[in-house]
Amino acid sequence: MTRPGEKREQQAGRGAAVDSGGDPGADSGPGPGKAWVSSVLLLFLGSTFIGVDLALPGIIMPDIQGTFGFGVFTAGLIGSITFIFDGFSAYLGGGHLADRIRDRKKVLVPSGIGFSILSWLTGAANGTGVLVLIRAVMGIPDGGWYGNAYPKATEDPPQRWRSGASGLHMASYSVGAGLLAPAIAPAIANSVGWRVCFLLLGIPSLLVALAGIWLFRPGITTSNIKHHSFFARGGDEADVGKRPLTDIFRYRNVTLCFFIQACMFATVTLFTSYGTLYLTHTGFSLVVAGGIIAGWGVGGIIGNLVLPVLSDFIGRKYMGALALFVGAVAVGLFISVHDTAFLFLCTGAVGFFVQGTSSIFLGLVPQETLPSSVRGTGTAFVHAGTVAIGGGAMALIAGVIGQVFGVTGAMEMGMVFCVVGVVLALFVKETAPRLVARRLSRELVTRET
């Protein structure tokens, strides 16, 4: 005999939840045993190597400039053009393509191979124009990888491991760009030349892509995320998936996450692009300044692992809003206090509380909001806002402000970006499974009474 409480839960599940399985060509099973573990680990390694590549031009730019003799504008172009093409490729190509063919593996593996080849070509470039072209094309496989790695790292694990697995994958950028690249690249460039950095990077990334042929599950896992139609405007999901590029705008969370992530990455970019400059202007040596800024990498790793798990209990939007608020305070303290140890703690806090929110607003909320038919497209759109708008347009605006009001003015924009992110986060519809289940139970009780 079914107890009343159990009956209510079953009715709530039938009335408000739509399993996104059953899509043509989708693999709706959770996979044998722990097969998802190897998948997530491969995604982590692949994204780590891409993070190293994205950070390399900025770290070894003086050596690259010494080879080709270009100016500041070209240096900035080489550093940013990959992000721009990455964003467009993820949205228009990577995630959208996988949604269309119903298979993330068929996009991930070629993207990983293409990344390795272009990494080698970067090291072999024989002119400024060729280098710029290669770095632009590099954004295409980057977008193909990221546009599917984010949703796959969330779709494949069972629900109880979802936040931790997604957080581990999201920590990859901090590991690659925040720790490995600044720790290893200068030593390699100084001893055997900057080209070797890119030549070496292509080897492990190729091995990861080839391993994916055997370890990535084909299709799209749909059974591990219970989708709810109320995330769509008016609950209308008729024909969703026929026009993925535009269907994603039926979901408010996607648009909000696009701009929240832009605010997050713009703040992080300020520290990676202007932080060292700011510290050297205030009297710190280049070596000490670099050590202080490295704190964001350490904080980002821990934050991406901790914040998504806490959000399972606190809620995605409240955890994200609180973290961005603390991040704004950390930015303010960074530009107000000039003690070395304290500044390192501040950059660590920026990594933990600001970079860490990417595991929520890019790693979890879009995937839990969207049905599997448009999940890759929507997540890729949020990624495009992260890298193209946050790392490009908004960071450029801060740079213009810095040109007028000084580098301190540029750093102060980090507080503005974080506060805007806090406000936007409060309008996100909650997606944490525990909190959604409570909401459905309360609504059912209300209807019964």
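The values are calculated or read from the model by the stated rules, or taken from the named source; none is laboratory data. Fair warning: this is a prediction, and the values are worked out from it, not measured in the lab. Every residue, glycine as well, gets a Cβ built from its backbone with ideal geometry; the counts of neighbours run over all protein chains shown.
What the table shows:
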| item | result |
| --- | --- |
| Output for segment 275-292, where each listed residue is under 24 Å from the mean Cα position of the chain (by Cα) and buried (at least 23 other Cβ atoms within 10 Å of the Cβ) | Gly275, Ile292 |
| Evaluation of Leu201 against (1) within 28 Å of Gly402 (Cβ to Cβ); (2) not assigned by TED's automatic domain parsing to the domain that holds Gly332 (one fails), failing number | (1) |
| Qualifying position, being without any contact (Cβ under 8 Å) to a residue 24 or more places away in the chain, of a type in the set (Ser, Thr, Tyr) and in the same structural domain as Phe417 (by TED's automatic domain parsing), among Ser273, Ser336 | Ser336 |
| Check on Phe344, of a type outside the set (Ser, Thr, Tyr), under 17 Å from the mean Cα position of the chain (by Cα) and either surrounded by fewer than 24 Cβ atoms within 10 Å (Cβ to Cβ) or part of a helix (DSSP H, G or I) (or both) | no |
| Residue, nearest to Ile293 (Cα to Cα), within segment 58-68, restricted to residues that are in contact (Cβ under 8 Å) with a residue 24 or more places away in the chain and not hydrophobic (A, V, I, L, M, F, W, C) | Gly58 |
| In segment 198-219, residue nearest to Ser38 (Cα to Cα) [restricted to those that are out of contact with any helix residue (DSSP H, G or I) (no Cβ under 7 Å at 6 or more places or on another chain) and in contact (Cβ under 8 Å) with a residue 40 or more places away in the chain] | Leu210 |
| Number of positions in segment 154-173 that are over 23 Å from Phe352 (Cα atoms) and either surrounded by fewer than 24 Cβ atoms within 10 Å (Cβ to Cβ) or aliphatic (A, V, I, L, M) (or both) | 2 |
| Number of the exception - Leu199 against (1) part of a helix (DSSP H, G or I); (2) buried (at least 19 other Cβ atoms within 10 Å of the Cβ); (3) not small (Gly, Ala, Ser) | (2) |
| Close pairs (8 angstrom Cβ cut-off, 6 or more residues apart or separate chains): among the aliphatic types (A, V, I, L, M) in segment 130-156, not in a helix (DSSP H, G or I) anywhere | Leu131/Ala125; Ile134/Ala125; Ala153/Gly363 |
| Ile389 vs. criteria surrounded by fewer than 24 Cβ atoms within 10 Å (Cβ to Cβ), part of a helix (DSSP H, G or I) and of a type in the set (Val, Ile, Thr) | yes |
| Within segment 242-336, helices (runs of 4 or more DSSP H) holding 3 or more residues that are in contact with a Pro (Cβ under 8 Å, 6 or more places away or on another chain) | 252-281 |
| Residue in segment 235-247 that is of a type outside the set (D, E, K, R) and either in contact with a Gly (Cβ under 6 Å, 6 or more places away or on another chain) or modelled with pLDDT of 90 or more (or both) present | no |
